[in-house]
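Colleague: Got a structure here, written out as C-alpha cells. Questions coming.
Please treat every number below as a calculation from the coordinates, not as lab data. These figures come from a predicted structure and were not determined experimentally. For neighbour counting, all protein chains shown are included, and Cβ atoms are generated from backbone atoms with ideal geometry for every residue, glycine included.
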Amino acid sequence: MKTLNTLLSRPWIWSWLAALATFALTVIVTGGASTFGLAQATLTFAAFSVLVGLGQMLVITLGPGNVDLSVPATITLSGTLALKFMDTEPSLILPGLLIALGIGLLVGIGNYGLIKLLRIPPIIATLSMSFLIQSLAIWSNRGLRIKPPDALATFSTGSIAGIPNMAILALVVSLVVWWLLDRSICGRWISAIGQSPFAARMAGIPVDGTRFFTYVICAVLAALCGYLLASFSGGAALNMGAEYLLMSIAVVVIGGSAVAGGNSNVPGIWGASLFMFLVVSMLNTYGFGAGLRLVLTGLIIIVVIIAASRKTADR
C-alpha cells in the first residue's frame, strides 16, 4: 500500500495512467483491430511531441513567463531549408541535419537576444521571432514540397524489433535531457532559477548564461523535430509545425512539470505525449474535426492547471 501511495504521488504517473486508459478504451472501441499498428503509430507520433516538449519543458522550468512560442516556425524553417539543401541527395543527409541544427542554434540566440537586449517578456520576444522565422520559411518554400532522401525517409518511417526508430531516437534524447536536469550542475542551475531568480543570483549562479543555454536547447530540439518530421511525412509543408505550439505546452503541463517553474518531469513528457496522440486518434475515429480537438486540448490544460494549483494550495 505504501509503495502504491508513493507511486501515485509521482506527478508523471497520472499522464501515464491517462494514456493507458485511453489506449485500452480505443482498443475496446475498435474491437482490438490493429492494436499493434495503433501502438506503433502512437509511439511514432508521440516521439515528435516528446522532442518539442522536452525543449519547452526546459524553458518553462526557468520560471513564470518563460515560454518559447517560436517552436512551430522553427520546425517549419528547419525542415524546409534542410530538405531544400539535401534535394533528395543521400550524401547530404548529415550536412542537412547540421543545417537544421544550425537554424535552431541561430533561433535560440535570436530569441534570447531579444529577451535580454530589448528587455521584453519571453512570450513577446519569441512570438516576434516566430513571425520572422515563418516569413523566411514562406519565402524559401515558395510552394515547393521537396522530398527527403530515400535513406532518410526509410529511417524515419522504419523500426527496430517493432519499435519505431523515431521513438528510439526520442528516448535517447530524453535520457540526455534527464541526465542534464538530474545529474548535471547546469540542471540544478535551471531548477534553482525557476524557484527564485533573485536567490540564484545571490548564490552565484550564472542566470543569464543558463537562460541563454536553455532557450538555445529548446530551439535546437524544435529544429531536430522539424528535420525528422519533414523526412517522415515525405516533405516540408508551411503548416507542418502549427499543431506543436499548443502541443509543446500541453505535454509539459499534463506531464506534471510545475507551471510556475523550478520542477521538471521528463517521464511525464512521454506519458502526456502518448495520451495526447491517443485522444486525437480516438476523436478522429469518431469523425470529430480539428477545431474540437483543439478545444479539448485547451480544456485538458485548464483542468490540469486548476488541479495542480489546488494541490499546491493544499500543501
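Colleague: Would you mind computing, in nm to one decimal, how far apart the modelled labels at LEU246 and ASP87 are, each placed 7 Å from Cα along Cα→Cβ?
Modeller: In this crude label model, LEU246 to ASP87 measures out at 3.9 nm.
Colleague: In what sequence do TYR112, TYR227, TYR244 fall when counting other Cβ within 10 Å, fewest first? Don't skip to the answer; put the middle values down first.
Modeller: Values: TYR112 23, TYR227 30, TYR244 26.
Least crowded to most crowded, the residues run TYR112, TYR244, TYR227.
Colleague: Now a separate question. Counting only helical runs of four or more DSSP H residues, what would the 222 nm mean residue ellipticity of the chain come to if each run contributes -39,500 (n - 2.57) and the total is spread over all its residues? Intermediate values should be presented prior to the final figure.
Modeller: Values: 14 runs with 238 residues, N = 315.
My calculation for the chain gives -25500 deg cm²/dmol from helical runs alone.
Colleague: Which FRET efficiency, nearest 0.05, do ILE13 and ASN284 yield, Cβ-Cβ r, R0 30 Å?
Modeller: 0.65
Colleague: Let a ≥ b ≥ c be the square roots of the eigenvalues of the Cα gyration tensor of the range 55-205; is it rounded (a/c under 1.5), or, if not, prolate (a/b larger than b/c) or oblate? Could the numbers behind the result be given before it?
Modeller: Details: a/c = 2.89, a/b = 1.44, b/c = 2.01.
Since a/c reaches 1.5 but b/c is at least a/b, the shape of the range 55-205 is classed as oblate.
Colleague: Now, a different point. Can you pull out the trypsin sites (Lys or Arg not before Pro) in the range 29-136 whose DSSP state is coil and whose Cβ has at most 15 other Cβ atoms within 10 Å?
Modeller: Passing both the DSSP loop test and the Cβ count: ARG119.
Colleague: Springs between alpha-carbon atoms under 10 Å, Gaussian network over the chain: tell me which of ASN111, ASN141, ASN239 tops the mean-square fluctuations.
Modeller: Comparing ASN111, ASN141, ASN239 in the GNM, the peak value goes to ASN239.
Colleague: Starting from the Cα gyration tensor of the range 226-271, take the square roots of the eigenvalues, sort them a ≥ b ≥ c, and report rounded, prolate or oblate (rounded when a/c is under 1.5, otherwise prolate if a/b is larger than b/c, else oblate).
Modeller: Prolate.
Colleague: Same structure, new question: Lys/Arg Cβ at +1, Asp/Glu Cβ at -1, dipole of the range 1-156 taken about the Cα centre: which of SER91, GLY53, TYR112 is farthest positive-ward?
Modeller: Farthest towards the positive pole: TYR112.
Colleague: With the cut-off at 1.5 for a/c, could you classify the chain from its C-alpha gyration tensor as rounded, prolate or oblate?
Modeller: In terms of gyration-tensor shape, oblate.
Colleague: Determine the dipole magnitude for the range 43-154: charges of +1 sit on the beta-carbon of Lys and Arg, -1 on that of Asp and Glu, nothing else is charged, the reference point is the Cα centre, and the result goes in debye to the nearest 20.
Modeller: So the magnitude is around 260 debye.
Colleague: A further question follows. Could you list VAL259, VAL67 so that the one with the fewest beta carbons within 10 Å of its beta carbon is first and the one with the most is last?
Modeller: Taking fewest neighbouring Cβ atoms as first place, the list is VAL259, VAL67.
Colleague: Name the residue, out of PHE198, PHE23, PHE232, whose mean-square fluctuation peaks in a Gaussian network model built on the chain with Cα pairs under 10 Å.
Modeller: Ranking PHE198, PHE23, PHE232 by mean-square fluctuation puts PHE198 first.
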